[in-house]
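Everything on this sheet refers to the single structure shown next.
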Amino acid sequence: MLKRSQTKAVLEAEKLFKPRAAASTEYEEKQRAFYDNRERLKAERLAREANAGTEPAKAGKEKGERR
């Protein structure tokens with residue numbers, strides 16, 4: 001099967017009517033802001049702990065540990 005080359009007009013039309021990425025919704029923007037803030041706070045906490053010479057805090061109780 002022969003592959004036809006497109007005319008300049010067709011290429012220009014495809015360029016103009018190319019589907020754009022959907023705009024971010026308010027929810028997506030808030031989720032991104034939350035994620036970015038969480039990562040920033042995590043990096044700050046890890047830096048503080050590294051400067052203090054302590055190990056990172058562990059999540060949850062360890063085996064055999066009582067409160």
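The values are calculated or read from the model by the stated rules, or taken from the named source; none is laboratory data. All of these numbers come straight from a predicted model, not from anything done at the bench. Cβ coordinates were reconstructed from backbone atoms using ideal geometry, including for glycine residues, and neighbour counts include every protein chain displayed.
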How about the range 11-21: which of its residues are part of a helix (DSSP H, G or I) and of a type in the set (D, E, K, R)? Glu12, Glu14, Lys15
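Conditions tested, residue by residue: (1) at pLDDT 80 or above; (2) assigned to a helix (DSSP H, G or I); (3) exposed (fewer than 10 other Cβ atoms within 10 Å of the Cβ).
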site	(1), (2), (3)
Lys3	no, no, yes
Ala23	no, no, yes
Tyr27	yes, yes, yes
Ala47	yes, yes, no
Pro56	no, no, no
